[in-house]
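Each remark here refers to the structure printed beneath this line.
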Amino acid sequence: MSTTPPPVDDLGERDLRVGAPKAAAAGLPGVLAGLGHARRQLGASRSAKTFLKLNQPDGFDCPGCAWPDPNHTSSFEFCENGMKAIAEEATVRRVDAAFFARHDVDDLARRSDWWLGQQGRLTEPMHRAEGDRHYRPISWDDAFGVVADALAASGDPDRAVFYTSGRTSNEAAFLYQLFVRKLGTNNLPDCSNMCHESSGVALTQAIGIGKGSVTLDDVHEAELIVVVGQNPGTNHPRMLTALEEAKRRGAAIVAVNPLPEAGLIRFKNPQRPTGVLGRGTELADEFVQVKVGADLALFQWWNRRLVELDDERGGTVLDHAFLAERCEGADELVAHLRGLDADELLAATGVDAGTAERVAQLLAGRDRIIVCWAMGITQHRQAVPTIREIANTVLLRGSIGRPGSGLCPVRGHSNVQGDRTMGIYEKPAEAFLDALAAEFGFAPPREPGHDTVDSIGAMDRGEVDVFFALGGNFLAAAPDTEVTARALGRCALTVQVSTKLNRSHVVGGRASLILPCLGRTERDVVGGVPQKVTVEDSMSMVHASVGTLEPASPHLRSEVAIVAGLARRVLGPDDDVPWEELAADHGAIRDRIEAVVPGFTAFNERIEIPGGFALPHPPRDAREFRTPDGRAHLACNRFEPEAVPAGRLLLQTIRSHDQFNTTIYGLDDRYRGIHQGRRVLFAHADDLHELGFVDGEVVDVVSEWRDEPDRRAERFRLVAYDVARGTCAAYFPEANVLVPLGSVAEQSNTPTSKAVVVRLERPTA
Ligand SMILES: Nc1nc2c(c(=O)[nH]1)N[C@H]1C(S)=C(S)[C@@H](COP(=O)(O)OP(=O)(O)OC[C@H]3O[C@@H](n4cnc5c(=O)[nH]c(N)nc54)[C@H](O)[C@@H]3O)O[C@H]1N2
Ligand SMILES: Nc1nc2c(c(=O)[nH]1)N[C@H]1C(S)=C(S)[C@@H](COP(=O)(O)OP(=O)(O)OC[C@H]3O[C@@H](n4cnc5c(=O)[nH]c(N)nc54)[C@H](O)[C@@H]3O)O[C@H]1N2
Ligand code: SF4
Ligand SMILES: [Mo]
């Protein structure tokens, strides 16, 4: 079967079709959808060759999400969305110099994210000079020269910003932060700032480490798994396989979500014959339809019930011994919870008393408890206290640092956790900087740098000259699209290291550069030796990944080679880091990582172990908490409900089944019944009725933030849907224009992408 050419045009509003949502995830339609994407982009034979190497010990790590790979070698260890991620990267379509000659940036700016991404792989460095509307080919040397000149003209390293997206390998990330710190700044924002930053902040306060405490085996062995604010059927599909396994062993599963997401309700495992065709497994034992932004109240209600049940059951519900020995703040928390008004809390959640009570009984009765969460929790104003309250639950029950138990923030990008471990962080720890200084003999900057939101503010104030992105799609991923576009436009130069065309190439600084890199699926042979990279998954497992496919173009360079080449050019011939040697041998970079980052002893040897190795995690390994006083901390939190004025709805922005963040694989969201379009707004039928609108109508969505002018997203089709009352949902990135830059989670500075106050308006024309 041959491949299909890229789309010539965007679909129109009339192509959108809305059907009934699906009750189950995956199964045969999932397998077929994944294969369909692959065939269109790769052809049949390249597809088969590619997928056989996915998630195998001698192949490449899935570039999709950060869910861990099981430690064995079935040749079918991937999911529909992994197949789509691969197809997107391994496509035979190309965006070459002739493409850029045909399309200037004004033409490209009118296209959708889907259209841009579908055009294919970038093939050679391209430069758009100031005043030019076209990208034109440039050599690698000249491209590095453009960046070096811009940095030199700027003269102040703190007037440059270096963004990272979470697909970047450990090796590239480590070299990148070294280069940036040798240049002299900690302006190292990353996608994590918009993602799990709230988890990192809250967990560091509570348990002394910003990472989750469970392994895949723990998930299998749990007796109760609570999945909060997460849609694994779409975003971490193989998590459903793990949940199914836990369920088979007797676990109860509770889904807490304003939306009844297909995968959480019922799952047909495509890796088993009965799962492909049968009715599948009923996954969630309880579906708790919480209001958007009310999880703090819900967990407080549950924790209060745990205290009451402990009274009733003679002190057998709370783990008093663990609390006394290892924790701080338990007495204060118990007193605080007793003082809360239970009815008021429950009313704020919108959850019925019967459901809430059944879950409380599960929390009190089951010992091995895991709570998992993702963006439905982290992208709220009260994200940090909410995660502290989730940690309260787990600590009160002593459900940490023993099998089948723990806290499980489920990460997004395949190496977002590893990038942070490698030092991609605007607020690096002193110990990390000390180790870097000792290994490389320089004085790294100590002042904290800009995170993502602060970077946009600084650019907008004219305080940034050069914006450099190692992967990602900053413009489309960031909040407040128009503000971010204006901010980027104030930079003299914006640079994107990318595999695929995206909006950040089209709307950038006064001049811009595209530096095309190898993807993870592709062979990277240096001096005749195939190079490995390493990644760290959501459960702190580090393992190697080796690309096997022929590169999309002979002009591509690896991210490591790009960073090293740029560092040499910018820092000059006298810089004493052996950039060329490091670029020539990834093993040598790993030796340096071993010297700087704790937990990487015998790094090069241990990546030869099939499945890799686990990084240390003191709470998980030994119930040790490396907080300043060496104890885990419970917290007394105060729930502040979002103020939603009458006639307004609380909007959350979510992913469809056919996208990876800003990469739009296709225009369907099968599980939610949406086909051939993305400009939809899911809202409750009763709310639509009350607001005077009908299902199927097209509206403008207008967001309101303090006394700032309204932000408007035009022409969204209303879809009556089973969402919690008073709330609505639309897709990211189309809805990002509505997310105010100033609306952020307290302490973590993460945009509140899941809580935007909006009103609906009939379009004027
Ligand atoms: N196929 C695919 N896989 C992906 C991605 C992708 O785009 N596509 N993205 C990757 C990345 S970077 C990330 S971070 C993850 C994201 O994974 P998720 O966090 O699952 O992604 P979202 O689509 O943002 O879904 C958020 C979920 O939270 C729910 N929610 C929203 N608000 C609330 C709330 O107030 N309370 C509760 N309890 N629930 C709420 C929503 O209804 C939705 O089910 O997925 C990763 N994997
Ligand atoms: N409204 C709203 N906004 C959100 C979110 C939300 O839920 N709602 N979610 C937030 C979250 S959780 C995240 S993580 C961010 C994501 O923000 P980003 O990580 O910045 O965005 P991505 O869409 O993942 O980046 C896709 C681009 O990465 C490039 N790319 C792909 N593979 C590679 C590679 O191997 N190397 C290099 N160098 N480049 C590569 C391609 O050019 C592709 O176009 O968005 C955030 N924004
Ligand atoms: S669950 Fe995530 S990492 Fe695993 S195959 Fe699917 S997309 Fe890839
Ligand atoms: Mo993410």
Estimated [θ] at 222 nm from DSSP helical runs (n ≥ 4, -39500 (n - 2.57)) normalised by residues in the chain, nearest 500: -10500 deg cm²/dmol
Cα lying deepest toward the dipole's positive end in segment 463-517, options CYS517, GLY471, VAL507, charges on Cβ: CYS517
Whole-angstrom gap from segment 612-686 to segment 448-483, using each part's C-alpha centre: 22
Set LYS427/LYS500; LYS247/LYS268; LYS268/LYS291 screened for pairs whose C-alpha atoms are more than 25 Å apart: LYS427/LYS500; LYS268/LYS291
Bridge type composition, the chain - antiparallel percent by DSSP, nearest 5: 40
Euclidean distance of C-alpha centroids, segment 216-264 and segment 700-765, integer Å: 28
For segment 17-89, convex hull of alpha carbons as volume per residue, Å³: 117
Candidate aspartates and glutamates - alpha carbon under 15 Å from LYS754, same-chain residues fewer than 8 apart omitted: GLU197, ASP295, ASP480, GLU642, GLU704, GLU734, GLU746
DSSP-defined beta bridges in segment 631-765 - what % are antiparallel, rounded to 5: 65
Centroid-to-centroid separation of segment 151-210 and segment 121-135 [C-alpha atoms, Å]: 26
Charge-dipole axis of segment 17-89 as Lys and Arg at +1 and Asp and Glu at -1 on Cβ define it, positive-most pick from CYS79, ALA44, GLY59: ALA44
The chain - Cys residues lacking any other Cys C-beta under 4.7 Å: CYS62, CYS65, CYS79, CYS191, CYS195, CYS327, CYS491, CYS517, CYS636, CYS728
Per-selection Kirkwood Rh - the chain (Cα, Å, 1 d.p.): 26.4
Ranking of PHE442, PHE51 by count of other Cβ atoms within 10 Å, fewest first: PHE442, PHE51
Exposure proxy order (Cβ contacts within 10 Å, fewest to most) of CYS327, CYS728: CYS327, CYS728
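Read-outs: derived from the displayed coordinates by stated rules, not from any lab. The structure displayed is predicted, hence computed values, not measured ones. In this analysis, Cβ positions are derived from the backbone assuming ideal geometry, glycine residues included, and neighbour counts consider all displayed protein chains.
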